[in-house]
Amino acid sequence: MSQLSQASREALGEGGALAVRLEQFVPRQAQLSLTAAIADALEARDTLLAEAGTGTGKTFAYLVPVLLSGMKAILSTGTRALQDQLFHRDLPRVRAALGVGHSAALLKGRANYLCRYRLGQARGAPQFASREQVDQFQRIVVWSGRTRHGDMAELESLPEDSPLLPLVTSTVDNCLGTECPFWDDCFVVQARQRAQAADIVVVNHHLLLADLALKQEGFGEILPGAQAFVIDEAHQLPELAANFFGEAFGLRPLQELVGDAFAESRAVPGALAQVEPLARALDFSVRQLRAAMEGLPPRGTRQRALGSPAVAEGFDTLMIALQDLAGVLAPLAAAAPGLDACHARAREISGRLQRWLGQAPGPGEDQDGVASAAFAIPGPESRVPAPGSSDVFWYELTPRGFRCQRTPLDVSAPLRQHRQASHAAWIFTSATLAVGGGFDHIATRLGLDDPHTLLQPSPFDWPRQALCYQPPGLPDPNARGYGTALIAALLPVLHASGGRAFLLFASHRALREAAQALRDAPWPLFVQGQAPRATLLQRFRESGNGVLLGSASFREGVDVVGEALSVVAIDKLPFAAPDDPVFEARLEAIRNAGGNPFRDEQLPQAVIALKQGVGRLIRSESDRGVLVLCDPRLSSKAYGRTFLQSLPPFARTREVADVQAFFGQ
């Protein structure tokens with residue numbers, strides 16, 4: 001055992017620094033095992049892949065050795081909410097308990113910080129849809145005069161999806177850089193400077209990956225100096241990495257370009273008359289393209305989209321409009337930094353569109369458009385990895401918008417290269433990494449050839465605290481009438497628990513049907529989409545006997561401790577949707593390489609997704625609850641054993657009377 005490992009175990013053990021100085025801290029053997037493994041990996045500058053079941057206390061398990069090591073470390077979390085929790089709550093508590101003085105900084109992507117320049121632009125030409133937006137904008141203006149860090153999360157009353165946010169924050173594309181009149185007071189620059197000087201930098205996966213992919217989100221100078229990387233919620237990393245090592249364009253950035261071209265040209269004499277007709281033509285072409293895409297499936301391949309003559313014509317018209325706007329902006333670019341930025345953005349989006357359409361060679365390709373490598377690692381000269389033969393070109397429609405994306409199928413090579421080049425320790429941890437007790441699937445996708453691994457089960461007393469109920473007699477999930485049979489099977493459970501349940505559905509359609517079927521039930525219903533996620537969860541907690549209904553996006557982040565959540569019911573095994581073009585292409589690539597798509601990809605992905613949903617049930621040593629797994633394939637198919645072997649050691653039953661007895665205790 002290394003010195004760091006011993007010191008970390010002592011700090012977290014009986015009579016240690018955390019037990020003495022933190023209220024309600026209880027030493028746990030599972031946490032001690034995890035922290036020892038992390039400390040050994042840090043000291044050896046090694047790679048560790050560690051699953052830590054719910055209740056292990058993995059945050060403290062990595063914070064203690066990181067702080068005691070004195071290393072400069074990057075801590076990356078899955079979401080901005082977890083990032084804020086780690087920086088504002090967990091890190092200060094552990095640092096104070098250990099008595100160490102390491103400096104720490106919180107760093108987010110630039111779209112999370114107020115941009116003084118864009119705030120001024122929005123004040124000069126406001127166009128708000130409602131009185132509520134006018135009031136929210138005024139609150140932003142007042143706040144802007146007193147904020148120290150410019151973090152938009154400080155405005156708790158502002159929704160995360162507020163349409164005002166793009167008006168008052170910057171992106172890589174529209175940032176003016178050193179040409180900005182507010183450069184010396186830029187919140188992004190200040191955050192970057194604090195991070196450069198800090199011993200511990202707390203980021204999120206989006207920001208970490210954006211920087212690895214050279215997307216210039218604002219802290220590339222810090223990565224080379226880091227001696228340790230801790231990736232929490234590491235199961236999310238491969239899918240997120242696929243987006244960041246590709247490129248995209250969509251309706252919103254195009255409309256933002258139009259709006260900024262108008263705003264910037266107003267300040268330059270004579271510019272508006274030249275820019276306005278071409279900006280309006282671009283806006284019209286974007287709207288026309290979205291209208292032409294209305295008949296397409298919500299998600300599909302490039303081939304599917306361009307198979308429609310109207311859509312293909314719409315893209316051609318969009319390309320012409322972009323090039324025309326770039327052409328008129330070119331001679332005006334020297335007149336103002338804002339117009340120069342608009343010109344660069346028009347060219348950048350035009351290039352992305354050309355590459356997506358397959359009309360132009362990309363970086364790393366020859367003039368015939370042949371990729372020089374299956375996947376090229378971007379160098380300093382380019383932010384855009386070369387399109388490769390393993391890339392998938394696809395689109396996605398939203399109710400009023402669209403997005404076109406190029407996604408690499410395999411990101412293991414760039415992830416491996418960045419990790420090896422760092423010469424740092426890398427800790428990948430999550431409550432859901434292993435499949436059937438093994439790490440092969442996630443290790444392959446992360447590009448880990450021979451990592452040290454640790455499978456640390458949850459320390460909760462699962463046989464005593466929880467019961468797994470599999471309702472008998474349910475039809476195949478794809479059979480007609482499954483939804484009706486499902487509700488009939490769930491009602492006795494809900495009556496036994498008095499509501500207090502979280503129902504997780506594989507599709508939005510199934511969710512809506514269940515909400516309709518339960519509309520007259522004696523418990524308040526909280527249905528995904530009726531209110532913002534945080535609001536819905538708060539109302540559910542406060543209700544005491546509510547029933548929360550969610551879909552796939554609710555598998556993570558639902559953290560309800562206590563009796564308010566006493567049942568988790570899952571309608572179907574969470575196999576990925578067949579309409580996902582990236583997933584389908586990945587399966588085809590596995591098939592072409594001689595692998596088994598179901599065994600190598602579909603099953604492991606579904607197991608990890610199921611474990612995420614199951615993890616919502618027991619959140620503390622005092623929680624009790626029933627897991628209802630409704631998919632009969634768990635018993636009728638051989639692969640059902642893999643799912644069940646990957647779950648905690650529940651007591652299991654097929655009798656609803658056992659559920660009633662459980663809640664009657």
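Summary of packing: across the peptides 192-205, 438-451, 32-45, the per-residue average of other C-beta atoms within 10 Å ranks them, highest first, as 32-45, 192-205, 438-451. The label-point distance for Gln516 and Ser130, in a model that sets each label 7 Å from Cα toward Cβ, rounds to 2.7 nm. Helical content of the chain, expressed as a calculated mean residue ellipticity at 222 nm, amounts to -13500 deg cm²/dmol (DSSP H runs of 4 or more residues, -39,500 (n - 2.57) each, divided by residue number, nearest 500). The length gained by stretching the chain between His88 and His495 to full extension, at 0.36 nm per residue less their Cα-Cα distance, is 142.5 nm. Helix 58-69 against the longest principal axis of the chain: what's the angle in degrees, Cα atoms only, rounded to the nearest 10? Approximately 70 degrees, to the nearest 10.
Computed over every Cα-Cα pair of segment 413-502 and binned at 10 Å starting from 0, the pair-distance distribution P(r) comes out as 12, 26, 21, 22, 15, 4 percent.
Listed by Cβ neighbour count within 10 Å, with the fewest neighbours leading, Phe643, Phe182, Phe662, Phe428 appear as Phe182, Phe662, Phe643, Phe428.
Cα centroids of segment 393-423 and segment 136-199: 26 Å apart.
Antiparallel versus total DSSP beta bridges in the chain: what percent is that, nearest 5? Given both bridge residues lie in the chain, the antiparallel proportion sits at roughly 25 percent.
At a threshold of 8 angstrom on Cα-Cα distance, excluding pairs fewer than six apart, so keeping six or more, what relative contact order does segment 3-133 reach in percent?
Working: 108 pairs, mean separation 30.6, N = 131.
The normalised contact order for segment 3-133 reaches 23 percent.
The 3J(HN,Hα) values that the Karplus relation (6.51, -1.76, 1.60; θ = phi - 60°) gives for segment 136-150 are, in residue order, 5, 5, 5, 5, 4, 4, 5, 4, 4, x, 10, 5, 8, 10, x Hz. Gly and Pro appear as x.
Centroid-to-centroid, using Cα positions, segment 426-449 and segment 275-342 are 41 Å apart. Exposure proxy shown here: for Ser103, Ser76, the number of other Cβ atoms within 10 Å sets the order, fewest to most, as Ser103, Ser76.
What does the charge count near Val435 come to, summing +1 for each Lys or Arg and -1 for each Asp or Glu among other residues with Cβ under 14 Å from its Cβ? Charge balance near Val435 sits at 0.
If Lys and Arg each add +1 and Asp and Glu each add -1, what is the summed charge of the other residues whose beta carbon sits under 12 Å from the beta carbon of Ser285? Can you show the working numbers first?
Numbers: positive: Arg280, Arg287, Arg290; negative: Asp283, Glu313, Asp316, Asp324.
With Lys, Arg at +1 and Asp, Glu at -1, the neighbours total -1.
Taking the Cβ of Lys611 as the centre, find all other residues whose Cβ is under 12 Å away and add up their charges (Lys, Arg: +1; Asp, Glu: -1). Local charge sum for Lys611: 0. For Lys611, the lysines whose Cα falls under 20 Å of its own Cα, not counting residues fewer than eight places away in the same chain, are Lys58, Lys572, Lys637.
Please identify every one of the GluC sites (Glu not before Pro) in segment 586-665 that sits in a loop by DSSP and has no more than 13 other beta carbons within 10 Å of its own beta carbon. Answer by residue number: Glu621, Glu655. Of all lysines in the structure, the ones whose alpha carbon falls short of 16 Å from that of Lys108, not counting any fewer than 8 places away in one chain, are Lys215.
Between 0 and 90 degrees, the angle of helix 508-517 with respect to the longest Cα principal axis of the chain falls at about 50 degrees. Compared with the direct C-alpha span, the chain from Thr444 to Ala657 gains 72.3 nm at full extension, assuming 0.36 nm per residue.
Per-residue extension of 0.36 nm, minus the Cα-Cα distance of Arg509 and Ala197, leaves a gain of 107.3 nm for this segment.
Here is the P(r) of the chain: all C-alpha pair distances, binned every 20 Å from 0, give 16, 48, 32, 3, 0 in whole percents. With respect to the chain, whose longest principal axis is taken over its alpha-carbon atoms, helix 482-497 is tilted by about 60°. Distant-in-sequence amide contacts of Ala425, defined by a placed amide H-H separation under 5 Å and a gap of 5 or more residues or a different chain, comprise Ala228, Phe229. Each label was represented as a point 7 Å from its Cα along the Cα-to-Cβ direction; for Phe284 and Lys637 these points are 5.2 nm apart.
Throughout, read-outs are computed from the coordinates displayed, never taken from laboratory work. Note that the structure is predicted; figures quoted are calculated from it, not measured. Here Cβ is always computed from backbone atoms with ideal geometry, including for glycine, and neighbour counts include all displayed protein chains.
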